[in-house]
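The values are calculated or read from the model by the stated rules, or taken from the named source; none is laboratory data. If you're wondering where the values come from, they're calculated on a predicted model, not measured in any experiment. A quick note on method: Cβ atoms are made from the backbone with ideal geometry, for glycine too, and the neighbour counts reach across all protein chains shown. Protein only, heavy atoms only, side chains kept; ligands, DNA and RNA dropped before computing areas. Shrake-Rupley method; radii C 1.70, N 1.55, O 1.52, S 1.80 Å.
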Amino acid sequence: QEPQTEFYNNLSHIKVELVDSPTRSQALNVAWQYVKATWADHHDDANPNTTSLKELSANLEDVLNFRALPTPMECLGFTFKLSGLSFQEVTHIIRHRAGSFAAQCTGDRDLRDDPAVIPEAVQNSPEFEDRWIKLVEDSKLLYAEMCDSKDISMMDARMILPKCMTSFYLMRLNLKDLLGFIAQRQDMQIQPAADNLLAAYMAKEVLKVLPEASSRINFGKPDMHYVKTFRVP
């Protein structure tokens, strides 16, 4: 069976889906109990059920901004499905060691019909785009022929496939590490555009669950790592 390949723009093909998270109510309650337990004389003194929503929300904002005990952020887990990733994006997300990951398998799954992505700059250069597509198609054809020969295992044959082939990953982070990941990857001066998009999409999903996180997520701020490390004469 000859390979079939669909090609996509590498940025527009990225998709972020929040597959598991605490509810806002759960986050408010956990933050309240963790913070107030420190000063409680009795275990019922930290009961969030007797507290107004305004107070619970203000307390969570204090936690998010390190004005109160930050530990509650470590108790709140978020799991994302990140799809349409090239190998380049994969290496960037798994470098963030605070996360837990599950990968789409490549060792015992036929990859001949998997899609590939092309950067916009290459799409705007027809000669390079034609050569890009040909290399991908040639490598996938060789992959398919090796697998079909039964002389080469899928695990060995897959090594010929290019980095622009796509896959999906599950990524789980606690809220503290997630906010750190977003802050790091939103830097448009030193991070690639794909990472900027991943950060923006993940931030959007977090804000749907916890509007209080808007006090920590700011895509309009200066890229301070670049500012501090920029070399001037």
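So which helices (runs of 4 or more DSSP H) are wholly in the range 154-233 and hold at least 3 residues that are surrounded by fewer than 13 Cβ atoms within 10 Å (Cβ to Cβ) and modelled with pLDDT under 95?
Values: elements: 154-157, 175-185, 193-209, 224-229.
The helices (runs of 4 or more DSSP H) meeting that bar are 224-229.
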Across the range 58-75, the tally of residues that are surrounded by 17 or more Cβ atoms within 10 Å (Cβ to Cβ) and farther than 16 Å from SER214 by Cβ stands at 3
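Taking the condition farther than 24 Å from ALA183 by Cβ and acidic (Asp, Glu), does ASP62 pass?
no
For a quick check of your reading: which strands (runs of 3 or more DSSP E) sit entirely within the range 61-121 and have at least 3 residues that are at pLDDT 95 or above?
Values: elements: 77-85, 100-103, 116-118.
Answer list for the range 61-121: 77-85, 116-118.
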(1) assigned to a loop (DSSP other than H, G, I, E, B); (2) open to solvent by less than 50 Å² (accessible area, probe 1.4 Å); (3) modelled with pLDDT of 85 or more all hold for LEU28 apart from (1)
Within the range 1-58, the count of residues that are in contact with an Asp or Glu (Cβ under 7 Å, 6 or more places away or on another chain) and of a type in the set (S, T, N, Q) comes to 4
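With respect to GLU55, is the statement that it is in a helix (DSSP H, G or I), touching a residue at least 24 places away in the same chain (Cβ under 8 Å) and surrounded by fewer than 20 Cβ atoms within 10 Å (Cβ to Cβ) true? If you could, list the steps in order and put the result at the bottom.
Values: in a helix (DSSP H, G or I): yes; touching a residue at least 24 places away in the same chain (Cβ under 8 Å): no; surrounded by fewer than 20 Cβ atoms within 10 Å (Cβ to Cβ): yes.
When the stated conditions are applied, GLU55 does not pass them.
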Flagged in the range 121-138 as more than 28 Å from the chain's Cα centre (by Cα) and either open to solvent by less than 50 Å² (accessible area, probe 1.4 Å) or free of Cβ contacts under 8 Å to residues at least 60 places away in the same chain (or both), in numbering order, are SER125, PRO126, GLU127, PHE128, ASP130, ARG131, LYS134, LEU135, ASP138
For TYR8, the lone unmet condition from (1) more than 22 Å from VAL136 (Cα to Cα); (2) in contact (Cβ under 8 Å) with a residue 40 or more places away in the chain; (3) open to solvent by 30 Å² or more (accessible area, probe 1.4 Å); (4) not basic (Lys, Arg) is (1)
Scanning the range 139-153 for residues that are touching a helix residue (DSSP H, G or I) at 6+ places or on another chain (Cβ under 6 Å) and part of a helix (DSSP H, G or I), the one most open to solvent (accessible area, probe 1.4 Å) turns out to be LEU142
Answer yes or no: is there a residue in the range 78-94 that is in contact with a Phe, Trp or Tyr (Cβ under 7 Å, 6 or more places away or on another chain), surrounded by fewer than 16 Cβ atoms within 10 Å (Cβ to Cβ) and of a type in the set (A, V, I, L, M). yes
